[in-house]
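Novice: Let me give you the structure first, and then I'll get to my questions.
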């Protein structure tokens, strides 16, 4: 009998753990690990979660801090969670941005995005589609984050990745790449953590006398 690879065993571990612990997706463990390793919820009161369905990440947020104000957005429906404002809409649509702002009712402290496109099987096309979702996430973050606010976005390391990284560095004060243990080692998936939108910071600064 052929031995299972480490990737297969680890993937099965998180899948089974998600089922046994009542999480809607195995990716819940990715967020838990990033929150613990990078103190993502420190100083956070309001969260906007993009591409939230089926709600695994949303469950983690409610579990770790029930006082959080959460606005969740997805193109697909999401089973309700207590205390979470959910809006069904396409984040690439400008009207969705207006609705997010209305639901947030002010600035957010954290923007989360585990967005992935519908996979076509054509690597370059899938990467391009995913990068557009990341770019949109960063654009939304620039508009609604507080001066020291943070954003996490999943990104595929492929064509256009380095350009995206350089663009993020121009727009945010801090840019880091994170690979949580729950992510498969051989996967092109990595998470981009940005902090402090530069334009927002300059706009909120008091004018010189």
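The values are calculated or read from the model by the stated rules, or taken from the named source; none is laboratory data. None of the values given here were measured: they were computed from a predicted structure. When we count neighbours, we look across all protein chains shown, and the Cβ atoms used for this are built from the backbone with ideal geometry, even at glycine.
Novice: Here are the criteria: (1) touching a strand residue (DSSP E or B) at 6+ places or on another chain (Cβ under 7 Å); (2) crowded, with 17+ Cβ neighbours inside 10 Å; (3) closer than 28 Å to residue 148 by Cβ. Tell me which single one residue 97 does not satisfy.
Specialist: For residue 97, the exception is condition (1).
Condition check ((1) out of contact with any helix residue (DSSP H, G or I) (no Cβ under 9 Å at 6 or more places or on another chain); (2) buried (at least 17 other Cβ atoms within 10 Å of the Cβ); (3) touching a residue at least 40 places away in the same chain (Cβ under 8 Å); (4) within 19 Å of residue 51 (Cα to Cα)) across all residues:
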{"residue": "106", "(1), (2), (3), (4)": "no, no, yes, no"}
{"residue": "116", "(1), (2), (3), (4)": "no, no, yes, yes"}
{"residue": "126", "(1), (2), (3), (4)": "yes, yes, no, yes"}
{"residue": "155", "(1), (2), (3), (4)": "no, yes, no, yes"}
{"residue": "161", "(1), (2), (3), (4)": "no, yes, no, no"}
{"residue": "169", "(1), (2), (3), (4)": "yes, no, no, no"}
{"residue": "173", "(1), (2), (3), (4)": "no, no, no, no"}
{"residue": "183", "(1), (2), (3), (4)": "no, yes, yes, yes"}
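Novice: Answer yes if at least one residue in the stretch 77-90 is on the phi > 0 side of the Ramachandran plot and modelled with pLDDT under 90, and no otherwise.
Specialist: No, the conditions are met nowhere in the stretch 77-90.
Novice: So residue 62 ticks every box in (1) more than 15 Å from the chain's Cα centre (by Cα); (2) under 20 Å from residue 148 (Cβ atoms) but one. Which box is left unticked?
Specialist: Status for residue 62: all satisfied but (2).
Novice: Still on this structure, please answer the following. Give 61, 131, 112, 41 a once-over and let me know the one that is surrounded by 15 or more Cβ atoms within 10 Å (Cβ to Cβ) and in a loop (DSSP other than H, G, I, E, B).
Specialist: Matching residue, one of 61, 131, 112, 41: 41.
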